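The values are calculated or read from the model by the stated rules, or taken from the named source; none is laboratory data. Quick caveat, the model's predicted, so the values are computed rather than measured. Note that each Cβ is placed from the backbone with ideal geometry, even for glycine, and that neighbours are counted across all protein chains shown. Surface areas here come from the heavy atoms of the whole protein model, side chains and all, with no ligands, DNA or RNA. Shrake-Rupley method; radii C 1.70, N 1.55, O 1.52, S 1.80 Å.
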Amino acid sequence: MVFPYLLLLPNQQTFAQQTITVNAKNESLNKVLISIRDNYQIKLSFNDAKLAQYKVDVKETFINPDQALKFLLKDLPFTVELVNDVFIISSKRININAQKNLLVGHVFDKTNQESLPFSSISINNYPITTDLKGNFSYLTEDSVVRLKVSYLGYYKLDTLVQAGNNLKLELSQSSILMPEVVLSSTNAEIATNANSSSGNIKINQSVGEDLPGSSDNSIYNFLRLQPGILAAGEQANDLIIWGSSRGQTKVSFDGFTIFGVKNFNDNIGAVNPLMTKDLSIKKGGYGVEQGDRVGGIVDITGIEGSKLKPSLKIGINNLTINAEASMPLFKNTSLVIAGRQTYYNLYNSFKINQPANNRNGVKNVVDLSIIPDYTFKDINLKFSGKSEKGDNYFISLFSGKDELKSAFSTNQQNLRLVGSKDENNQQFGGSAFYNKVWRNGAISSVTLANSGLDNEEVKLTNLTQEKNGAFVKTIDQRFGNEITEQSLKLTYQLPSTPKRSYLMGFGYIKNKSVLAFDDVNPLQINNTIFSKRYFGFSENAFFVSQNFKITPGLRADFDTESSKLYLQPRLSTSYKFNQNFRMTASWGIYNQFIAYNGLVDDEGNFRYQWTVSDGNIIPVYQAQHWVTGAAFERNGFSVNADFYYKTTEGLTRFVQNMQGVRNIIKGDGRATGLDLLFKKDFKKHNAWIGYTLNNTEERFRRRGPNHTTIYQFERAPQDQRHELKFAALFNLSPFYFSANYVYGSGFRSPKPMDDPNVNVLPYNRFDTAITYKIIAKKYQLDAGISVLNVFNTQNLKPNNVDRIPTAQLTTINIYSNAVPFTPTLFLKFSL
């Protein structure tokens, strides 16, 4: 039960030496307690109706409130407890076996009944987190506990509850309704929740909806503005976190792996934002439940759909149409379907131009910018439900396809260049999930997942003499690559207590990579590699005190192909100095059994392929993370800092010379850096500044001059020393303004013979947007304009450049445009 009558005064009191005088004759107990409260400013909580049934006849003086209350309640069926300076008077509980009280709860959205995953719970100041379906369980010796619940974008809940209840906690934007009491709050979680543990960020996707950029990629628009997540270079198909190489960050949606976060010109991402509910970003130093990567983790939870009434959302912009429909099917079930399709090419396809060359002293280089024709479509389908016993389940399916075609014809200094490039990507994913809260409070879940990516590329370039058409060079490259993953994962979590919490799990993962065809090695057609492994993990969290938490854990992966066991111990700690300041630290060993290896030629052209690690030619990655963090928050202002040091062993790179001979070189890497995030929430507005200081280095054994061997650390291709970000969102309802700016100090030249300490070009981009919203009872309409790269700054995409050596020129660079000045009109409608 939740107490229907709370008698609380705001002043903090120390009760140790406060004498209490009680003088009552045949007076109701509730009135006597009210008199004590008013005369001595003591915080009391009790059921007024129940205590009114008892009469008091006493004239005594007591040395403190505790003695007075125990005397008044002597021989009555009540007990008194002091919880956070509040004396709680409740009915005595008969507990024959002296067992602890079990508190079980479920946190969900009041409006549409959506579960709120990974909500922050505080029970008598002990922090826990709900699971994927918003469930939690807690064992306590107290009969009454103070419960605080918060979730990004929702008002906080702070109340007292009776232990032993199965709570249904509804959160909303205005009030929180619980049995017997309605509580309102003016405090809400807005934007992000950073540093709950080392290197972790929690994001509510809805915050990114009003940022500049296409609404089809609001997830990436928001991620790129967080410190530690690389924005410069506009990575087209990956997320680079804390200096990790491509393929070392895992992105998952509803439990299945997304292998390509396609993101052409920041317009379209692989994950539909209309299907997204919650994002959890683990930049490093994370626990044992997450595996299979040595970089970061981006875990995305999809919506469940409304179980109350049908709903519809439609979004239209210059490039795509996006729609999502939800409807209840049977009792406590819902079906969601969403899809996107490009219908108009925003750019002038196949146009080629030469931008202003502002690369500060780079000679003998011609930059040619080519604009491709780009098409994209995807579909999501999800069925969710809840049984009468409270078990949760869902089936989530996804399919996406994108095609990029480019062609060019140009004359450059007596040469005629004619070329084309076609790229096709097909991606699929699916998962089935079942979650159960057992009678003893334990929470178990099982996830079955399957996903994959099929990539094909064809590139053709012809060079001839401009005057006579004489042949100079032909470059014909064809490449096909597939990667798939099937997995089964089971987890089991015991109820948390004031002293500890326990999580365990096990499962099975199968990966397959296929090199479908390769222009250099035609004999490698359908070269297939498998990896099958079993894994298990166990994690214990100990509360040494109410403010000090230590979480040791161990993960083990057994590779059946190599019959090798990989042990990955991990440890994290957190200490809360006070309500405003905490520090965290973590350490761990991480293994990765698939690799996104780079193939580089003499000109620095990179091409990447997914490959299953066989433990021999392609080693299994092993990384070690050291992370420490600190967080301060007060009056809507917060500062978060993370310092990290990472080492990675088992890096593989394919190097191809001008004769087409391909060699494998192996090496290792290290990254050191500092993330800073300053955030201010004021009224309904918020703004933040993010800064990353990073130093990422790699070393590979390679042949140097005079047949020497070079094995020394040099700047990695993804290394960028400084990155500064600013973002602001202003809520002037019905108008919403936003702006963001990103500066990057620049990458090294990818060409092997260039000086790695010289930056190619700094990165600068300023975006802005304005949205007008009409919110009615039955519908919502959003309309606005967004402008990317307001000042049309020339920015390079290092991973999207084709470098063509010629006899007359050192190099001709042909690259897909980084985001130019791009205005976007958008309209969103929801029922």
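Counting protein heavy atoms only, the range 266-335 has 66 percent of its accessible area on carbon and sulfur, 1.4 angstrom probe.
The charge dipole of the range 361-506, taken about its Cα centre with unit charges on the Cβ atoms of Lys, Arg (+1), Asp and Glu (-1) only, comes to about 700 debye. Give me the distance in nm between label points sitting 7 Å out from Cα along the Cα-to-Cβ direction at Lys70 and Asp755, one decimal. In this crude spin-label approximation the distance works out to 7.9 nm. Note on Gln486 and Arg701: the model spin-label points, each 7 Å out from Cα along the C-beta direction, lie 3.8 nm apart. Rolling a 1.4 angstrom probe over the protein heavy atoms with all chains in place gives the range 368-447 an accessible area of 43 Å² per residue.
Radius of gyration over Kirkwood radius for the range 423-490, both on Cα atoms: the Rg/Rh ratio is 1.50. Under the 0.36 nm per residue contour assumption, what length would be gained going from the current alpha-carbon distance of Thr709 and Asn578 to full extension? Once the chain is fully extended between Thr709 and Asn578, it gains 41.7 nm. Note on Thr560 and Thr19: their simple-model spin labels are 7.9 nm apart, each label 7 Å out from Cα toward Cβ. Working ranking of peptides 606-612, 277-283 by packing, defined as the average number of other Cβ atoms within 10 Å per residue, highest first, is 277-283, 606-612. Within the accessible surface of the range 509-651, defined with a 1.4 Å probe on protein heavy atoms only, the carbon and sulfur portion equals 56 percent. The amide H of Ser613, built 1.01 Å from its N in the peptide plane, has Ile594, Ala595 as neighbours under 5 Å, considering only residues 5 or more places off or on other chains. With Cα atoms as the point set, the radius of gyration and Dmax of the range 404-452 evaluate to 26.1, 80 Å.
Pairs spanning more than 27 Å between alpha-carbon atoms, out of Lys307/Lys680; Lys156/Lys489; Lys683/Lys773: Lys307/Lys680; Lys156/Lys489. In the range 465-576, the ratio of gyration radius to Kirkwood radius, Rg to Rh, stands at 1.35 when only Cα atoms are counted. Using the Cβ-Cβ distance between Leu781 and Lys59 with R0 = 60 Å, the FRET efficiency computed as 1/(1 + (r/R0)^6) comes to roughly 0.30. Across the cross-link table entries Lys250/Lys532; Lys25/Lys50; Lys100/Lys499; Lys282/Lys828; Lys382/Lys510, which are compared at the Cα atoms, the separations over 21 Å belong to Lys282/Lys828; Lys382/Lys510.
Computed over the range 284-334, the convex hull of the alpha-carbon atoms projects to a mean area of 6.6 nm².
What you get for the range 435-535, charging only the Cβ of Lys and Arg (+1) and of Asp and Glu (-1), is a dipole of about 980 debye around the Cα centre.
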